[in-house]
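Before any comments, here is the structure.
The values are calculated or read from the model by the stated rules, or taken from the named source; none is laboratory data. Since the structure is predicted, the reported quantities are computational estimates derived from the model, not experimental observations. Here Cβ is always computed from backbone atoms with ideal geometry, including for glycine, and neighbour counts include all displayed protein chains. Protein only, heavy atoms only, side chains kept; ligands, DNA and RNA dropped before computing areas. Shrake-Rupley method; radii C 1.70, N 1.55, O 1.52, S 1.80 Å.
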Amino acid sequence: MPSITSIDATNTEDLRQIARRRIPRALFDYVDRGSYDELTLRSNRSDLDAIRLRQRVLVDVSKVTLATSMLGEPVSMPVAIAPTGMTGLIHGNGEMLGARAAEAAGTKFCLSTMSICTIEDVREVVEKPFWFQLYVFRDRGFSSSVIERARAANCSALFVTVDLPMRGQRHMDIKNGLTVPLRISLRNVIDVATKPAWAMSVLRARRRGFGNVEAFLNSRGGIMASGSWANENYDRTLNWRDIDWVRSLWPGKLVLKGILDVEDAKRAASAGVDAIVVSNHGGRQLDGARSSIASLPDIANAVGDRIEVLFDGGIRSGQDVMKALASGARGCLIGRAFLYGLAAGGEAGVRRVLELIRAELEVSMALTGQCDIQAITRDVIAP
Ligand SMILES: Cc1cc2nc3c(=O)[nH]c(=O)nc-3n(C[C@H](O)[C@H](O)[C@H](O)COP(=O)(O)O)c2cc1C
């Protein structure tokens, strides 16, 4: 695995370009692309780009502190790793590597239900608690058993993803044959054969199936492939009453991920959850939905004094983090930026992306005259 030095990658886009060369096309597109016409995917980025920061001068910024807390836990900066499915195919053991890199950087990692490594695999390689993201499937036996496993593994927060009662379609996944079951074409075979470093990392890895789901299916006699089972089991009946049910099983921090509407945010605050993630699933679900950053200020104004407001969607740099904090977020999650780093350089690549974002955030604070990350307000945004 080549090391990711500062010369290779001076920003996330460099890591994205390295990732594009290193992993099969179908997997790169799975990470990079969005649903349908990708309107929401694009506006997540363009709306962040459109925000301008206020340059302020002659402030003593010799001591800038990025340390804060997310969900009551100390973090060295308000940037955590978002839950992403199939991460152990982007790089062998990807979830274990991501969790380790986050811990080394003093921040948090959220494991997806649809991960390749299991909850227990990740638990083995970290000291501190990590977070777990739950998809509620029709088979509630799965949810209760996976919640129990997350508790046993000492996970400190449960993120219930609420923006996926049905899967949005990503055209490229279908065109590339990244479907359940996989469509193997000659192009796929050639593509894989020309990515030897990636292939080695995946071949040497502990697992290649959806680890959490497989563990459950095996306990039930394992009659179906985990991908097909999950695909057929997303629960379209999921509603607010089910949040009470999840609450009854989970005593720790409870987070709803995928809130984009002020009314839903208010309802979440009344439902007794600890936090929400303002998110449109990285432009992978409802195409035509507003960008996350455009939705954030109103939501933060409405519920920010009652519950913690986290944010994701389009974060690629420290400047983006600054804009999200100024728009009312307590902290941010990174999905694609994490995966570009992982695909480009494994654990070192994830460390690199976190370092880059940290350095950019620190400089942005200094140049806007901010010394304390917790004191950032709307004031840093140019009118
Ligand atoms: C490849 C990929 C897989 C994802 N899988 C999941 C998942 O399993 N569960 C989930 O709640 N969100 C999932 N997401 C959404 C992310 O958690 C996050 O909301 C999104 O990536 C944020 O946008 P960004 O990629 O622009 O940072 C996924 C995103 C990507 C890019």
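You will find that of 312, 287, the residue that is charged (D, E, K, R), touching a strand residue (DSSP E or B) at 6+ places or on another chain (Cβ under 9 Å), closer than 26 Å to residue 173 by Cα and in contact (Cβ under 8 Å) with a residue 12 or more places away in the chain is 312 and no other. As for the range 186-208, it holds no residue that is within 13 Å of residue 89 (Cβ to Cβ), at pLDDT below 85 and surrounded by fewer than 14 Cβ atoms within 10 Å (Cβ to Cβ).
Of 111, 97, which residue is in contact with a His (Cβ under 7 Å, 6 or more places away or on another chain) and under 30 Å from residue 25 (Cβ atoms)? Of 111, 97, the one residue that is in contact with a His (Cβ under 7 Å, 6 or more places away or on another chain) and under 30 Å from residue 25 (Cβ atoms) is 97. Here 89, 97 are screened, and the one residue that is farther than 20 Å from residue 328 by Cα, within 11 Å of the ligand (Cβ to nearest atom) and open to solvent by 10 Å² or more (accessible area, probe 1.4 Å) is 89.
Looking at the range 284-313, which of the residues that are among the polar types (S, T, N, Q) and within 16 Å of the ligand (Cβ to nearest atom) is nearest to residue 331 (Cα to Cα)? Residue satisfying both the conditions and the ranking: 292.
Here is the figure for the range 257-283: residues that are in contact with a Phe, Trp or Tyr (Cβ under 8 Å, 6 or more places away or on another chain) and either within 16 Å of the ligand (Cβ to nearest atom) or acidic (Asp, Glu) (or both) total 4.
Summed over the range 128-179, the residues that are part of a loop (DSSP other than H, G, I, E, B) and without any contact (Cβ under 8 Å) to a residue 60 or more places away in the chain give a count of 6. Residue 328 fulfils the conditions (1) at positive phi; (2) within 13 Å of the ligand (Cβ to nearest atom) except for a single criterion, (2). The residues of the range 20-63 that are open to solvent by 70 Å² or more (accessible area, probe 1.4 Å), under 24 Å from residue 312 (Cα atoms) and of a type in the set (D, E, K, R), listed by number, are 20, 33, 37, 42, 49, 52, 54. Selection within the range 144-191: residues that are polar (S, T, N, Q) and within 16 Å of the ligand (Cβ to nearest atom). The member of this set that is nearest to residue 264 (Cα to Cα) is 161.
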